[in-house]
Each structure stands twice: as structure tokens, then as C-alpha cells.
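Engineer: Please see the structure below; I have some questions.
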Amino acid sequence: MWYFSQAMDTLQTELQAIHSSWIIPVEPQGKVYQDHTIVLEGDRIAALMPTAKWRAPARPVTETVLSEHVLIPGLVNAHTHSPMSLFRGMADDRPLTEWLEKHIWPAESSCVNREFVRHGTQLAVMEMLLGGTTCFNDMYFFPDETAAVAIEAGIRAMIGMIVINFPSKWASNVNEYLRKGQAVHDRYCAHPLIRFSFAPHAPYTVDDTCLKRIATLADELDIPVHIHLHETMSEIEAAVAATGVRPLRRLEGLGLVSPRLIAVHMTSIETGEIELLARTGCQVVHCPESNLKLGSGFCPVSELLENQVNVACGTDSAASNNDLDMLSEMRTAALVAKGITQNPCVLPAASALRMATYNGARALGMESDIGSLEVGKLADIVALNLGDPRAHPIYDPSSQVVYSTHRDQVREVWVGGRHVVQNGQIATLDPEQIRRNADNWRDRITAKLNA
Ligand SMILES: [Zn+2]
């Protein structure tokens, strides 16, 4: 297949050629190219062709030969709270309400500050890049720090302008959350790696007046609304007892259910609600490992996909997962879908990979730029090493990627053409310093909670 850019010999932006044994472009779905070359021109994909047809142009080009590797689009982690990586392993094996109210929220109120967010995001972003994630959709306090770290690390991020009806060190009331969030938006919205959403935490922590304001502001700024929704049955029962309606219906009444809505979790969905999600083009993010660990329930992914609802995949935070490993998350998603339907045919490998890439991009409104390896798209590319005997034999590279590839096999990562992971090492951050900071925070958090 030949997609050579006509402009390639005339433009003077940096040129890179990556020769790989296999390329899974994700779009078109189910396609696998063997012995192909992908050409990057600046931050975008300029050409995709059989390596046999590659001829180096007269201008300088950086060539990377990756035999026994498969290239996939960068993984899109559609739901994170990256600074919470500093809470990894702090309070495991507890129900969601107890986990939040007795452990996470007290730790947040006593420890979270600008430095915490900076160090936690560095830890998370390093883990994500080394695991093949090139874009994440975040919700947390001090979002300006998250944006700054993402830029420094060279990872793409959708930064949530968080709003919650209780005070934090970031903001003391709804007006301040909205005002400070929009100031961060104005400061960073022109950066090529950064996009924004409004991120009201959940229907049970944000009131109707505020949600209505967010619906209007999101329309004005033309950006998504990222919210936890229907995470557990007890959340829904409490909502029905308090308001008379299920949370999704309440959001519908407030004008929030639209293609802009990124509804995270959705473990309990009634038949009429699937129809509502499909009709309105709402986005759903499935976080199977966090749902499993907190015993929250199961999102009916295969039913949603059958009804043409876009379903993306996310890890949630490392406090409830306990990692930010999207290769593992998509494997879990595929296995859970088969387990709960007792049908091994649902969510096949190519669909699971699509969920973790293209569907994630679509959920964030970024599918024209990322989510697949196509000419003209941004060059967010991951190379997985299949050379080890443990990855052999290889009948179907898509099946291999979803069912038997681990993040240690991530060898090279490009984000917008920038080579940020090289031979399995991160080029943009200092792992030793990040580890020291994480251990230092463990000591500080433990001392505060035991004081
Ligand atoms: Zn979450």
C-alpha cells in the first residue's frame, strides 16, 4: 500500500523513517501490514508503505530499523488521576465508600499540594510512557502542574478543570474551582500537547446549579465534560433515594448528556439508558481493573458496542488499580467481557486494541488527530518487541499484542514525532529522582496519617 506524501521532498521539517516487521494501524480495523515503513515528517505521519518500496530522499532522514517489532498507535488512557500514583498501595482491599471517605480524602486533605501533584504526575507520566500510553485524560487538583509535567515529559494530555463541592488546597468553593480552572485553560490551551475538559468529580459531589453552569461553559468553549458516573450500585441507590432519578437521567435533565459527556465507569445501565447513550452519542470509559479491585460491578461493554456506543478504556488512578498499564487494562477488558457474557466471541483482540486507541481518541474528541496510524495524523507511535521466544510463535500480531504482550516489551515511543522512550528508557524524565520523591512522599503521608 502506498501513501507517499507528495510534499515529502520539498518540506524541510525533520524526517524519520521507522521500518518494522508489523504495523497494526487500527484504522482500517483488522488490518495488519507486514514489513512496512512509516515515515514521519515533523509531528505527523507522512507516509506508510512496504519497506521494499522505501527509497531514502535526498534530504536528511533518521532511520530506525525494528525487526521483530510491531508498531501500534499510542495507547489512550481515557481516565486517570495521575498524582494519586503517590497513594499506590496505601489502602487496598476496601469498599469504595470506605476507601474514599476514610483513607483517600483524609490523605488528600492533609497532604495534597502543588509539589505533591508535580511529583505524583511525574511518577504517573513516566509509568504511562514506558507502558506505551501517549495520551491521558486526567482529573485532579492543581491541574496547571499536571499540564506543566505533561509538556516537560512530552506526553499528550487532556487536563480536567476539576470541580467538586468541597474545599481543597486548590480551591475553596465552586466559583474558585471554575475561575482557576479556566485560568489554567487560558494559559495552556494553545500548547500542541494539551487539551482541556471540565471535570466535575461525580453527580454525588457536585450540585445541580454547578452542573448546569458547566454544561453551558462546555458548550461555549466546545470541550468535553469528564465525570464519574454510575460507578457502584450503592451510588445509584443513594441518588434515587435523594433525587428520585438515576444519575444519568439527572444529568440528562441538566443538559449534560451529549457527545461531549465522558461518562466514566457506567457499571449499572438499564436498557433505556443504553438507548439514551446511543441516541445522544455519549462517550463511556471502561475501567475494568479499578472496578474489579473495588468490587464496583461490570460495565456491559459488548452490549454498548453492539448498540454503537463509543467505549474507551482507562486505568483510573494507581490508588485503585494499582498500575497505569493500558496493555494489561485492554487484556482485562477483553477477558471480563467474555466472562460476564459467557461468550468467548465478544470483544475480540482487534476490538480491544481499538478500544484502547481509536475509541479513546474519539471519546476525547481527538480522533481526527490520534488513535490510529494513518497518513496525516499526529505521529503517536509505540513499538512493541516481539523478538523474545516468550512472544513466539506469532500467528496473529493483534492477538499477540492483546493477550500476551507486557509493558516490558514497549521499546520505543514517539509522541508527535518526538522519540520519548528509546530502547525501553525514558528520555525526558529522571527515573531515579522520581523514585526518591515517591519514597519521600510515602514517609510524609504515613507520618501525617499516623499523627
Ligand atoms: Zn476515577
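Engineer: When the residues of segment 351-363 are filtered to those that are of a type in the set (Gly, Ala, Ser) and either over 20 Å from Cys282 (Cα atoms) or away from the ligand (no atom under 16 Å from the Cβ) (or both), which remaining residue is most open to solvent (accessible area, probe 1.4 Å)?
Structural biologist: Ser351
Engineer: Here are some conditions: (1) farther than 30 Å from Arg44 by Cα; (2) touching a residue at least 60 places away in the same chain (Cβ under 8 Å); (3) surrounded by fewer than 20 Cβ atoms within 10 Å (Cβ to Cβ). Pro192 meets all but one. Which one does it not meet?
Structural biologist: All conditions pass for Pro192, except number (1).
Engineer: Within segment 368-451, which strands (runs of 3 or more DSSP E) (wholly inside it) include 3 or more residues that are open to solvent by less than 60 Å² (accessible area, probe 1.4 Å) and farther than 24 Å from Leu335 by Cα?
Structural biologist: Passing ranges, in order: 410-415, 418-422.
Engineer: Going through segment 262-276 one residue at a time, which ones are outside any helix (DSSP H, G or I) and more than 15 Å from the ligand (Cβ to nearest atom)?
Structural biologist: Across segment 262-276, the qualifying residues are Ser268, Ile269, Glu270.
Engineer: Considering only residues of segment 335-345 that are surrounded by fewer than 24 Cβ atoms within 10 Å (Cβ to Cβ) and of a type in the set (A, V, I, L, M), which is farthest from Val415 (Cα to Cα)?
Structural biologist: Ile340
Engineer: For segment 102-151, enumerate the residues that are at pLDDT below 95, of a type outside the set (Lys, Arg) and open to solvent by 30 Å² or more (accessible area, probe 1.4 Å).
Structural biologist: Those that are at pLDDT below 95, of a type outside the set (Lys, Arg) and open to solvent by 30 Å² or more (accessible area, probe 1.4 Å): His103, Trp105, Pro106, Ser109, Ser110.
Engineer: Among (1) within 16 Å of the ligand (Cβ to nearest atom); (2) of a type in the set (A, V, I, L, M, F, W, C); (3) buried (at least 23 other Cβ atoms within 10 Å of the Cβ); (4) without any contact (Cβ under 8 Å) to a residue 60 or more places away in the chain, which single condition is Val206 missing?
Structural biologist: (3)
Engineer: Same structure again: Counting just the residues of segment 22-41 that are within 24 Å of the chain's Cα centre (by Cα) and on the phi > 0 side of the Ramachandran plot, which one comes out modelled with the lowest pLDDT?
Structural biologist: Gly30
Engineer: Confirm whether Pro348 is without any contact (Cβ under 8 Å) to a residue 60 or more places away in the chain, open to solvent by 10 Å² or more (accessible area, probe 1.4 Å) and more than 29 Å from His36 (Cα to Cα).
Structural biologist: no
Engineer: Residue check: is Glu237 closer than 20 Å to Thr205 by Cα, open to solvent by 50 Å² or more (accessible area, probe 1.4 Å), free of Cβ contacts under 8 Å to residues at least 12 places away in the same chain and charged (D, E, K, R)?
Structural biologist: yes
Engineer: Just wondering, is there one or more residues in segment 313-325 that are more than 15 Å from the ligand (Cβ to nearest atom) and more than 18 Å from the chain's Cα centre (by Cα)?
Structural biologist: The answer is no, given that none of the residues of segment 313-325 is more than 15 Å from the ligand (Cβ to nearest atom) and more than 18 Å from the chain's Cα centre (by Cα).
Engineer: Ok, one more. Tell me which of these Arg279 doesn't satisfy, since it passes every other one: (1) free of Cβ contacts under 8 Å to residues at least 40 places away in the same chain; (2) within 14 Å of the ligand (Cβ to nearest atom); (3) among the charged types (D, E, K, R).
Structural biologist: So Arg279 meets the others, but not (2).
Engineer: Now, a different point. Would you check if Ala58 is more than 16 Å from the ligand (Cβ to nearest atom) and either open to solvent by 10 Å² or more (accessible area, probe 1.4 Å) or modelled with pLDDT under 95 (or both)?
Structural biologist: yes
Engineer: Of the residues Asp35, Asp92, Asp43, only one is over 20 Å from Val264 (Cβ atoms) and surrounded by 15 or more Cβ atoms within 10 Å (Cβ to Cβ); which?
Structural biologist: Asp43
Engineer: Continuing with the same structure: Any chance segment 223-234 includes a residue that's more than 16 Å from the ligand (Cβ to nearest atom), exposed (fewer than 14 other Cβ atoms within 10 Å of the Cβ) and without any contact (Cβ under 8 Å) to a residue 60 or more places away in the chain?
Structural biologist: no
Engineer: Inspect all residues belonging to segment 240-253 and state whether any of them is within 26 Å of the chain's Cα centre (by Cα) and within 16 Å of the ligand (Cβ to nearest atom).
Structural biologist: For segment 240-253, residues within 26 Å of the chain's Cα centre (by Cα) and within 16 Å of the ligand (Cβ to nearest atom): present.
Engineer: Moving on to the next point. Looking at (1) open to solvent by less than 10 Å² (accessible area, probe 1.4 Å); (2) within 20 Å of Gly74 (Cβ to Cβ), which one does Met161 not meet, given that it meets all the others?
Structural biologist: (2)
Engineer: Checking Gly255 against (1) open to solvent by 10 Å² or more (accessible area, probe 1.4 Å); (2) touching a Phe, Trp or Tyr at 6+ places or on another chain (Cβ under 9 Å); (3) not in a helix (DSSP H, G or I), which test does it fail?
Structural biologist: Against the list (1) open to solvent by 10 Å² or more (accessible area, probe 1.4 Å); (2) touching a Phe, Trp or Tyr at 6+ places or on another chain (Cβ under 9 Å); (3) not in a helix (DSSP H, G or I), Gly255 comes up short only on (2).
Engineer: Between a first residue in segment 399-410 that is closer than 18 Å to Lys338 by Cα and in contact (Cβ under 8 Å) with a residue 40 or more places away in the chain and a second residue that is in a helix (DSSP H, G or I) and among the polar types (S, T, N, Q), which pairs have beta carbons less than 7 Å apart while being 6 or more apart in sequence or on different chains?
Structural biologist: The qualifying pairs do not exist here.
Engineer: I'd like the residue in segment 282-310 that is more than 20 Å from the chain's Cα centre (by Cα) and open to solvent by 30 Å² or more (accessible area, probe 1.4 Å) and, out of all such residues, is nearest to the ligand (Cβ to nearest atom).
Structural biologist: Checked segment 282-310; the qualifying residue nearest to the ligand (Cβ to nearest atom) is Gly295.
Engineer: I need the full set of residues from segment 347-367 which are out of contact with any helix residue (DSSP H, G or I) (no Cβ under 6 Å at 6 or more places or on another chain), more than 26 Å from Leu193 (Cβ to Cβ) and assigned to a helix (DSSP H, G or I), in order please.
Structural biologist: Within segment 347-367, just Ser351 meets the criteria.
Engineer: Ok, one more. Which of the residues that make up segment 264-274 are within 12 Å of Arg246 (Cβ to Cβ) and hydrophobic (A, V, I, L, M, F, W, C)?
Structural biologist: Within segment 264-274, Met266, Ile269 meet the criteria.
The values are calculated or read from the model by the stated rules, or taken from the named source; none is laboratory data. For clarity, every value in this text was computed on a predicted model and none was experimentally measured. Don't worry about glycine lacking a Cβ; one is built from the backbone with ideal geometry, like all the others, and counts go over all protein chains shown. Just the protein is used for accessible areas: all its heavy atoms, side chains included, with ligands, DNA and RNA removed. Shrake-Rupley method; radii C 1.70, N 1.55, O 1.52, S 1.80 Å.
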